[in-house]
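Working notes for the structure below.
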Amino acid sequence: MKEPAVTITEVRIKLVEENNERLLGFCSITIDNAFVIRDLKIIEGTRGLFVAMPSRKLTDRCHSCGSKNHLKSRFCNFCGHKLDELRAGRDMDGRVKLHADIAHPIHSSCRETMQAAIIKSFHAEKELAKKPGYVCRYDDFDGGDYDSTSVSYQDVVSEVARAGFRTHPGHAPRGPHTNPADKSVATNRDDFASGL
C-alpha cells in the first residue's frame, strides 16, 4: 500500500538565542493549507539536526492522595509523599520516557518530508536573520489571523461578539484602600457608585 503524500505549504521558524546548546529553534508547519502544527523543536543531535514533535510531560498519580505528578518528581506536589523514582517507563533503547508526542507522523516518508522542509527553512531563516530589519514571522500564541500592528483589541472583541461568543463585561471601579474603622470613607460599592 502506498503511503499518502504530504504537502507542507508553509514553515515558520523562530530562532533560539545561541546560549542554548542543543535547542536551535521552534517552528510551526502548515499542511495542505488546512492544518497547522505548532511548537516543533529544531535540535542539534549527535548526528546533525533533527525535528522533535510537540509533546507533553507524562504524569502519574500519587498512591497516597491521588494527585497528578510529573514522572520526574521525587515527592508529591500536593501531599509531599515520597514517590517511587523508578516508576517511569522506558523506550526500546532503555531510556526513561518522560514525554509523549501530541502530534507525530505515522509513516517514515511523512517524517522525512516534514524534517527536510523544516531544516531547509531553518537554514533560510538563519540567513534572513543576518540582514538588517529582520522580523521573525513565527507567532508564539494562537492569535488566529490577526496582525497586532493593524487590528486593535476592540476589533478582536467585536469580531468575537459577532461570532456569537459572550464577551466579559468590565469590572466596577475599585474603592480606596482604607482602615475599616474609618467611617468617613465609603466602604460599600453602592456607596461609591452613588457618590457617597
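Quick look at the numbers
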| item | result |
| --- | --- |
| Spacing of the two label points (7 Å from each Cα toward its C-beta) at Met92 and Phe50, in nm | 1.2 nm |
| Pairwise FRET efficiency - Glu10 versus Asp39, Cβ, R0 = 25 Å, nearest 0.05 | 0.95 |
| Carbon and sulfur %, accessible surface of region 23-124 computed with the full protein complex present, 1.4 Å | 54 percent |
| Distance violations [Cα-Cα > 32 Å] among Lys14/Lys72; Lys68/Lys120; Lys14/Lys97 | Lys68/Lys120 |
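The values are calculated or read from the model by the stated rules, or taken from the named source; none is laboratory data. The shown structure was predicted, so the numbers you read here are calculated from the model rather than taken from an experiment. All Cβ positions, glycine included, derive from the backbone under ideal geometry; neighbour counts span all protein chains shown. Heads up: the accessible areas ignore ligands, DNA and RNA and are worked out on the full protein's heavy atoms, side chains in. Shrake-Rupley method; radii C 1.70, N 1.55, O 1.52, S 1.80 Å.
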